[in-house]
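A short worksheet on the structure shown next.
All of the numbers you see were taken from the coordinates with simple rules; none came from a lab. Being a predicted model, the structure only gives us computed values, none of them experimental. Cβ: placed from backbone, ideal geometry, glycine included. Neighbour counts: every protein chain shown.
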Amino acid sequence: MTARVLETVPNFSEGRDPDTVNALADAMRAAGADVLDVTADRDHHRCVLTAVGSPSAVEAAAVEAAKVALDRIDLRRHRGVHPRIGALDVLPFVPLAGLSMDDARDSARRVAGRIAREVGLPVFLYGYASDPPGRRLADLRRGGFEAMKGGWPPDRRPDLLPPDWSLPGAHASAGAVCVGARRVLLAWNVYIEAVALDALRRIARTLRESAGGLRGVRALALHLAERGEYQISMNLEDVDTNSPMAVFAEIEKRVAAEGGRVARTEVVGLVPDRLVFEAAADRLALDPGTAGRLLSQRLATHLAEQAKAACKQRESQS
C-alpha cells in the first residue's frame, strides 16, 4: 500500500503579528499535519503555510487553522497590497503521493463543508473543486473583502453558507474563504529595479494568461512601501507542464526593454524541483536526459517503494 500524502497551502491575511502566524502553524501541527514551511510578508500583510500529511490529518488541520483565523484576524483593520477576501483567504489542496486530483477535490469539498458548518464562514470553491472545474481566484477576489462585506456582488454567490446565515454578505471580520484543489504551482516574487510602477503594471498585464500572455501565469505589479521596492508577484500554475525559466526569461527581456533589471527572485513556500533544475540546466548546459537522474525524485521513488514493500510484508504476516 503506497503512502497517501496530501498538501495544503493556506494563505492567511496576516503577515505582521508573529504570535498569530505561530498560532496558525501550531493549530495545524496539533491536528496532525506536518508544517513544512511558514512564509510571512509585512507589505502583502499575508502569510503562507505549507503542510502535508494523510488526507484526514490535513483536512483536520485546515479546519483548526480556519478557527484560529476567525478568532485572531480582523479584515476591518487589515491593509496590505495583496488582494484578499478572507482572514483565511485561500485554502488549496494538492495531491502529492498516492492520491489523484479527484481525491484532492473530495478533500477540498469536505473541508469546505466543515468550514461552513463548524467555523461559520461562507465558502467559494475554485480550481478543480468548483463545479464546473476551473473557477479562478482572480474572479472571486475582484474588489476584495470590501466588495462583499455589505452584500454579495451579483456575479458572485458563495457555494456554501453556514446554517441559518442571516448576513447579506461576507462575515463582518473574517470575510469568506476560497477553497480549492490544484496541482503543484510556483508562487514567486520577482523584484525589479529602475522601472516605474506604471510600466511594471504593463509588463505584468502582458504576462497574464487572462490577457493573452503566457499560459498558466497570474501576475500583479506591486509597490512595497515599507521596503521601497517594486515586484512582479506571480503564480505559475502546474509547474510540471509549464517552464518557470521560460517565464523568467520573458520577464528579464521585458524589464530590460524598459531600461530596468531583475534584482532578485523570492519563492513563496517550498521550491518545486523543476525551478531549480531548469535554472541549473540552463546555466550549466546540462545534457538532455539529466532530469531523469534528479536525486530528490529518485530518493522519493525509493522511499515510496520501501514503504510499499513494508506494508505488503506486514499484510502477509497478519
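Structural size metrics of segment 5-181, computed from C-alpha coordinates, are Rg and Dmax of 14.7, 43 Å.
Assuming charge only on the beta carbon of Lys and Arg (+1) and of Asp and Glu (-1), the dipole of segment 5-181 about its Cα centre is about 580 debye to the nearest 20. Alpha carbon centre of segment 186-238 versus segment 38-55: separation in Å? Spelled out, the Cα-based centre of one part sits 20 Å from the other.
Average projected area of the Cα convex hull of segment 134-198, in nm²?
Averaging across all directions leaves 7.1 nm² for the Cα convex hull.
Rounded to the nearest 20, the size of the Cβ-charge dipole of the chain about its Cα centre is 440 debye, with Lys and Arg at +1 and Asp and Glu at -1. Highest average first, the peptides 250-263, 76-89, 116-129 ordered by how many other beta carbon atoms sit within 10 Å of their residues are 116-129, 76-89, 250-263. A dipole drawn for the chain from +1 and -1 charges on Cβ atoms has a positive end, and of Ala204, Pro168, Phe277 the residue lying farthest that way is Pro168.
Highest mean packing comes first when the peptides 161-168, 56-63, 284-291 are listed by Cβ atoms within 10 Å, giving 56-63, 161-168, 284-291. In the chain, the calculated helix contribution to ellipticity at 222 nm averages -11000 deg cm²/dmol per residue, counting -39,500 (n - 2.57) for every DSSP H run with n ≥ 4.
The charge dipole of segment 115-213, taken about the Cα centre with unit charges on the Cβ atoms of Lys, Arg (+1) and Asp, Glu (-1), comes to about 260 debye, rounded to the nearest 20.
Taking all C-alpha pairs of segment 186-286, those more than 22 Å from each other amount to 26 percent.
Scaling against 2.2 N^0.38 Å puts the C-alpha radius of gyration of the chain at 1.04.
How high is the relative contact order of the chain, given as a whole-number percent (alpha carbon pairs under 8 Å, six or more residues apart)?
Taking the mean separation of contacting Cα pairs over the length of the chain, I get 17 percent.
Here the Karplus relation 6.51 cos²θ - 1.76 cosθ + 1.60, evaluated at θ = phi - 60°, turns the backbone of segment 61-76 into coupling constants of 5, 5, 5, 5, 5, 4, 5, 5, 4, 4, 6, 10, 10, 10, 5, 5 Hz, with x for every Gly and Pro.
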